[in-house]
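Reviewing the structure listed below.
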Amino acid sequence: MFLETRNLTKRFGGLTAVNNVDFSIEQGKINAIIGPNGAGKSTFFNLMSGFHSPSSGKVFFKGQDITSLPSNKIAKLGIARTFQTTNLFEQSTVLDNVIVGHRLRTKSTLIDAIFRTPRLKHEEEQCREKAMEVIEFAGLKKVEDKLVGSLTQEEKKRTAFALALATDPEIVFLDEPAAGVNPEETEGLAELMEKMVQNSITVCLIEHKMRMIMKLADKIMVLNYGEKIAEGTPEEIRNNPTVIKAYLGGSASA
Amino acid sequence: MKILKRQYIILAMLLFAIFFPLLTQNEYLVHVMTLSFIWMIGVYGLNLLAGYTGYLSLAHAGFFAIGAYSLGLLTVKTQMNFWAAFVLALVITSVIGFLVGLIALRTKEHFFAIYTLCVGYIIYLVIDKWDSLTEGVRGLIGIPAPGNIGPISFQTPLSQYYLVLSILLLSVLVMYRIIHSLTGRTYIAIRNSEELAQTIGISTIKNKLAAFVLSTFFAGLSGALYASFIRFIGPDIGHTVITFDLLTYLLVGGIGTLSGPIVGTVLVVWISQQLQFLQDYRMLIFGPVLTLLVIFYPRGIVGAIASWNNKRAGRTKQLALKDTQKDDRFASSEIAPENQVKEG
Ligand SMILES: Nc1ncnc2c1ncn2[C@@H]1O[C@H](COP(=O)(O)OP(=O)(O)OP(=O)(O)O)[C@@H](O)[C@H]1O
Ligand SMILES: [Mg+2]
């Protein structure tokens, strides 16, 4: 199994945000997590990427137990993520934002910096090349020298993608990548995700935009009040009575 | 073209610093300038941590005092060779910095500032009360001037001026290299968002600790130079007041900019000198001016100049682009005021 959670549970005080969820992510596919607002989707992401430690349950990545690893170590294993709200460095250029994304694959230290060793120069070049590569990949070539603060919402989302990709991930978690962008741009972002999968990067995303998800995802899990209420192909999810009830009964955010 | 201009400014500043003693011929001014250089080194330390890594430490005077007292005690009480004591003083400061950092960096933001404020005050108290070691309020006298390096002696104010200037230039070079390296990018990433830094695989704990230790190292370096230059130290040098002096220099010059510490220190020290007749009423002027500066120019004078430059550059660019790219909605002038961090 590529990435797998077992009985994953997270409680915040009296609230159980994620309740006993078993989920497996299929390699090389687009996996989606949907559910009404407050269903625990972002929390579930936070658990898998080491941001919160679960109250109980485990997370495995390629057979390795990563439940208690800190998020920076998890990133090194090849798991990248974006946040629901982009928190990029707005006063800096796209390129400068993305360059540091490859830092985790480099070794140079403070000493290298002070003496400007060949290793540092080589690694700086390496980071820059990586950044250019993922910027090109994310379709940001023409804005690479612009400040992030001056970009459109869609371009910011793409920059966040590029930053995640600069870490050389095997899987990326994208938390509502298409929130706040228009339908046309959503289409473009969906294409970008498909391109990632074609480049053998597994994608797992949270999204409220149903039309997009149903077209894009290979596999969908539905969360409601922290619990997994369904899992399957878009076709199966569309026709699942529990899901329909949850969406119509709860906050219909589709 | 802009880079060329900046090089000229740096060259001019450098030449001015080198010829300053010859130009003034005024020993007092040379003394004040030497002291300013010493403060600048400490301000650079503060800048690395507060400006580039995003952790505002208020224990800085404490580490300045540790550097000064380590040098003073080692040379006066154990008669150690000056440069050996100097190096050891830096090691001692850094080691204590490391230990304090281990604990302090478990806190963030305001809590970090408050915690380090307390640490700084405790350091001051220890120096003040531990009579048997530090001579307490009597202070430590008879600290030697820097020892000879080969044939060069540092007994005269002029030679000390150039010694301190060289160490300052070296410090600036080291800072420049750190900031413009992957390590510097790592620190800036932490300042921007610790969460994001972690998700891109940065060990924030390790990097913050390194920045903290380095910052105390520069505080210690500044303190050790101070002790050997003034040759008398009292517990007051570790007082919180000194921390806020250093912070003022940094804020006026430009926090998170490379030339801010120099600009701010020179300016504030010079203005203080001019306003000395006002005694402590100076603060009636400084207080409001500083407040206004922080509100309107959060990145100090250097930041303000950089953003004016950008605005100008943006406007010229916009004119040039007018015909070719009419629908370029995001001309750089719109966001120029924000673009302050990279400059300086
Ligand atoms: N750090 C936290 N402390 C306490 N409660 C939290 C925390 N994070 C999330 N919660 C709560 O857990 C529940 C699930 O939140 P979560 O953000 O995971 O939902 P979500 O499915 O991502 O919702 P949305 O679609 O609105 O983004 C919510 O009730 C939220 O208030
Ligand atoms: Mg969410």
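The values are calculated or read from the model by the stated rules, or taken from the named source; none is laboratory data. Owing to the predicted nature of the structure, the values given are computational and were not obtained by experimental measurement. Every residue, glycine as well, gets a Cβ built from its backbone with ideal geometry; the counts of neighbours run over all protein chains shown. Remember, those area values only see protein heavy atoms, side chains included, never the ligands or the DNA or RNA. Shrake-Rupley method; radii C 1.70, N 1.55, O 1.52, S 1.80 Å.
Considering only residues of segment A:70-94 that are within 16 Å of ligand 1 (Cβ to nearest atom) and free of Cβ contacts under 8 Å to residues at least 24 places away in the same chain, which is farthest from A:ASP175 (Cα to Cα)?
A:SER71
Does A:LEU110 satisfy the condition of being under 20 Å from the mean Cα position of the chain (by Cα) and within 14 Å of another protein chain (Cβ to nearest Cβ)? Give the steps one after another, and end with the answer.
On the way: under 20 Å from the mean Cα position of the chain (by Cα): no; within 14 Å of another protein chain (Cβ to nearest Cβ): yes.
Judged against the criteria, A:LEU110 is not a match.
Could you please tell me which pairs satisfy a Cβ distance under 6 Å, a separation of 6+ or placement on different chains, a first residue in segment B:36-56 that is outside any helix (DSSP H, G or I), and a second residue that is of a type in the set (Gly, Ala, Ser)?
Between residues of segment B:36-56 that are outside any helix (DSSP H, G or I) and residues that are of a type in the set (Gly, Ala, Ser), the close pairs are B:LEU56/B:ALA50; B:LEU56/B:ALA113.
Identify all residues within segment A:216-229 that are part of a strand (DSSP E or B) and open to solvent by 10 Å² or more (accessible area, probe 1.4 Å); write none if there are none. Spell out how you get there, then give the answer.
Keep residues of segment A:216-229 that are part of a strand (DSSP E or B), which gives A:219-224, A:227-229.
Those that are part of a strand (DSSP E or B) and open to solvent by 10 Å² or more (accessible area, probe 1.4 Å): A:LYS219, A:ASN224, A:GLU227, A:LYS228, A:ILE229.
With the condition kept exactly as written, say whether any residue in segment B:157-175 is open to solvent by 20 Å² or more (accessible area, probe 1.4 Å), more than 8 Å from every other protein chain (Cβ to nearest Cβ) and β-branched (Val, Ile, Thr).
yes
Scan segment A:136-154 for residues that are open to solvent by 10 Å² or more (accessible area, probe 1.4 Å) and within 16 Å of the chain's Cα centre (by Cα) and jot them down.
A:GLU154, the sole residue that qualifies.
Would you pick out the residues in segment A:102-121 that are more than 15 Å from B:THR186 (Cα to Cα) and surrounded by 13 or more Cβ atoms within 10 Å (Cβ to Cβ)? Break it down into steps so the answer makes sense when it comes.
So the first thing to find is which residues in segment A:102-121 are more than 15 Å from B:THR186 (Cα to Cα), and the list is A:115-119, A:121.
Those that are more than 15 Å from B:THR186 (Cα to Cα) and surrounded by 13 or more Cβ atoms within 10 Å (Cβ to Cβ): A:ARG116, A:THR117, A:ARG119, A:LYS121.
One line per residue, one yes/no per condition, for (1) surrounded by fewer than 19 Cβ atoms within 10 Å (Cβ to Cβ); (2) within 9 Å of chain B (Cβ to nearest Cβ):
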residue	(1), (2)
A:PRO54	no, no
A:VAL59	no, no
A:GLN64	yes, no
A:ASN72	no, yes
A:ALA80	no, yes
A:PHE83	no, yes
A:ASN87	yes, yes
A:SER92	no, yes
A:VAL98	no, no
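Name, by its number, the condition in (1) at the interface with chain A (Cβ under 10 Å from one of its Cβ atoms); (2) over 30 Å from A:THR82 (Cβ atoms); (3) over 25 Å from the mean Cα position of the chain (by Cα) that does not hold for B:ILE202.
Just one mismatch for B:ILE202, condition (2).
Criterion first (under 26 Å from B:ILE202 (Cα atoms), at pLDDT 90 or above, more than 16 Å from ligand 2 (Cβ to nearest atom) and of a type in the set (Asp, Glu)) does A:ASP145 satisfy it? It would help to see each step written out before you state the result.
Details: under 26 Å from B:ILE202 (Cα atoms): yes; at pLDDT 90 or above: yes; more than 16 Å from ligand 2 (Cβ to nearest atom): yes; of a type in the set (Asp, Glu): yes.
It is true that A:ASP145 is under 26 Å from B:ILE202 (Cα atoms), at pLDDT 90 or above, more than 16 Å from ligand 2 (Cβ to nearest atom) and of a type in the set (Asp, Glu).
If only one of A:GLY13, A:GLY40 is more than 18 Å from the chain's Cα centre (by Cα), near ligand 1 (Cβ under 9 Å from one of its atoms) and away from chain B (no Cβ under 14 Å), which one is it? Walk me through it before giving the result.
Details: A:GLY40 fails: more than 18 Å from the chain's Cα centre (by Cα).
After ruling out the rest, the residue left standing is A:GLY13.
Could you please give the count of residues in segment A:198-215 that are within 14 Å of ligand 2 (Cβ to nearest atom) and assigned to a loop (DSSP other than H, G, I, E, B)?
Residues of segment A:198-215 that are within 14 Å of ligand 2 (Cβ to nearest atom), as a first pass: A:204-209.
Okay, now just the ones that are also assigned to a loop (DSSP other than H, G, I, E, B), so A:207-209.
Residues that pass the stated criteria total 3.
Looking only at segment A:175-186, decide whether some residue is under 26 Å from A:VAL243 (Cα atoms), in contact with a Phe, Trp or Tyr (Cβ under 7 Å, 6 or more places away or on another chain) and within 14 Å of chain B (Cβ to nearest Cβ).
Among the residues of segment A:175-186, at least one is under 26 Å from A:VAL243 (Cα atoms), in contact with a Phe, Trp or Tyr (Cβ under 7 Å, 6 or more places away or on another chain) and within 14 Å of chain B (Cβ to nearest Cβ), which makes the answer yes.
Identify the single condition in (1) surrounded by fewer than 21 Cβ atoms within 10 Å (Cβ to Cβ); (2) farther than 21 Å from A:THR43 by Cα that A:MET193 does not satisfy, given that it satisfies every other one.
Going through the list (1) surrounded by fewer than 21 Cβ atoms within 10 Å (Cβ to Cβ); (2) farther than 21 Å from A:THR43 by Cα, A:MET193 breaks only (1).
Tally time: how many residues in segment A:113-134 are on the phi < 0 side of the Ramachandran plot and within 7 Å of chain B (Cβ to nearest Cβ)?
The initial filter retains those residues of segment A:113-134 that are on the phi < 0 side of the Ramachandran plot, namely A:113-115, A:117-134.
Those left that are additionally within 7 Å of chain B (Cβ to nearest Cβ): A:113-114, A:120, A:123-124, A:127.
Final tally of qualifying residues: 6.
Six or more apart or on different chains, Cβ under 6 Å: which pairs go from a residue in segment A:34-47 that's at pLDDT below 95 to one that's near ligand 2 (Cβ under 8 Å from one of its atoms)? Could you list them?
The qualifying pairs are A:GLY35/A:LYS41; A:LYS41/A:ILE206; A:SER42/A:GLN84; A:SER42/A:ASP175; A:PHE45/A:ASP175.
Here are some conditions: (1) more than 16 Å from ligand 2 (Cβ to nearest atom); (2) under 23 Å from A:ALA230 (Cα atoms); (3) hydroxyl-bearing (Ser, Thr, Tyr). A:SER49 meets all but one. Which one does it not meet?
In the conditions (1) more than 16 Å from ligand 2 (Cβ to nearest atom); (2) under 23 Å from A:ALA230 (Cα atoms); (3) hydroxyl-bearing (Ser, Thr, Tyr), A:SER49 misses (1) alone.
Report yes if A:ILE25 is β-branched (Val, Ile, Thr), open to solvent by less than 50 Å² (accessible area, probe 1.4 Å), within 14 Å of chain B (Cβ to nearest Cβ) and more than 16 Å from ligand 1 (Cβ to nearest atom), otherwise no. Full working, then the answer.
Numbers: β-branched (Val, Ile, Thr): yes; open to solvent by less than 50 Å² (accessible area, probe 1.4 Å): yes; within 14 Å of chain B (Cβ to nearest Cβ): no; more than 16 Å from ligand 1 (Cβ to nearest atom): yes.
The answer is no for A:ILE25.
Out of A:ALA131, A:ALA178, A:ALA160, A:ALA164, I need the residue that is crowded, with 21+ Cβ neighbours inside 10 Å, within 16 Å of ligand 2 (Cβ to nearest atom) and in a helix (DSSP H, G or I). Which one? Explain how you work it out, then say what you get.
Working: A:ALA131 fails: within 16 Å of ligand 2 (Cβ to nearest atom); A:ALA178 fails: in a helix (DSSP H, G or I); A:ALA164 fails: within 16 Å of ligand 2 (Cβ to nearest atom).
Result: A:ALA160 is the single residue among A:ALA131, A:ALA178, A:ALA160, A:ALA164 that is crowded, with 21+ Cβ neighbours inside 10 Å, within 16 Å of ligand 2 (Cβ to nearest atom) and in a helix (DSSP H, G or I).
Somewhere in segment B:190-209, is a residue modelled with pLDDT of 95 or more, in a helix (DSSP H, G or I) and either aromatic (Phe, Trp, Tyr) or more than 21 Å from B:GLU109 (Cβ to Cβ) (or both)?
no
With the structure loaded, tell me whether B:TYR69 is more than 22 Å from B:ARG191 (Cα to Cα), in contact with a strand residue (DSSP E or B) (Cβ under 7 Å, 6 or more places away or on another chain) and either in a helix (DSSP H, G or I) or among the charged types (D, E, K, R) (or both) or whether it fails that test. Steps first, please.
Values: more than 22 Å from B:ARG191 (Cα to Cα): yes; in contact with a strand residue (DSSP E or B) (Cβ under 7 Å, 6 or more places away or on another chain): yes; either in a helix (DSSP H, G or I) or among the charged types (D, E, K, R) (or both): yes.
Here the answer is yes, as B:TYR69 does meet what is asked.
Filter segment B:89-136 for residues that are at positive phi, surrounded by 14 or more Cβ atoms within 10 Å (Cβ to Cβ) and of a type in the set (D, E, K, R) and give the result.
In the first step, residues of segment B:89-136 are kept if they are at positive phi; the result is B:109, B:135-136.
Adding the requirement that they be surrounded by 14 or more Cβ atoms within 10 Å (Cβ to Cβ) leaves B:135-136.
Within segment B:89-136, B:GLU135 is the sole residue that qualifies.
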